[in-house]
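Taking it in order: structure first as structure tokens, then the write-up.
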Amino acid sequence: MGSRWLIVGLVVSVALNLFLVGAGAGIVALGLRLAQANGGARPAALFWAAEAMSQPARREFRQGLVGLRRQIQPDVDRSRVLRSQAWGSLAAAKPDPAAIKQGLAQGRQIDLAVRTRVEEQVVDQIAALPPADRAAYAAGMQRALTPATPSR
């Protein structure tokens, strides 16, 4: 009876591991596809550009980004709701194109304000670092913003 449970446990473990490996591969493939669709931009470029910075500077910078993310989340949510409502109103019996465009414009204004706030805080935080960390971050952002060459 004990060896039977061992075999069942091993089979369940193998199945679970195969599922997790497949899920991980799917996530990586989806990320690569999204990066190609976005002209080579990498998700979370501001975060990953700090990879080559010194450990203390990188940790402090990333903690700052996490804090900023908490601060801007209500604006991001508000923008998403406005855009969702605007696009959803296209299904109305008599859609109002002017109101739809206004909702989308409000969402864009919020998005632009959020992006401005994030970029300004990143610049302020990175500018206060030692030259080596600033250079490492600048190089990371250049890599993140350089479009990938299309494969033929």
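No lab work stands behind these numbers, since they all come straight from the coordinates. Since we're looking at a predicted model, the values are computed, not measured.
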>> Placing one identical point scatterer on every Cα of segment 44-145 and ignoring solvent, what is log10 I(q)/I(0) from the Debye formula at q = 0.14, 0.16 Å⁻¹?
In response: -0.63, -0.73
> Can you give the helix-only mean residue ellipticity at 222 nm for the chain, where every DSSP H stretch with n ≥ 4 adds -39500 (n - 2.57) and the sum goes over all residues, rounded to the nearest 500 deg cm²/dmol?
Replying inline: -28000 deg cm²/dmol
>> Considering only C-alpha atoms, what is the centroid distance from segment 101-144 to segment 70-95, in Å?
In response: 23
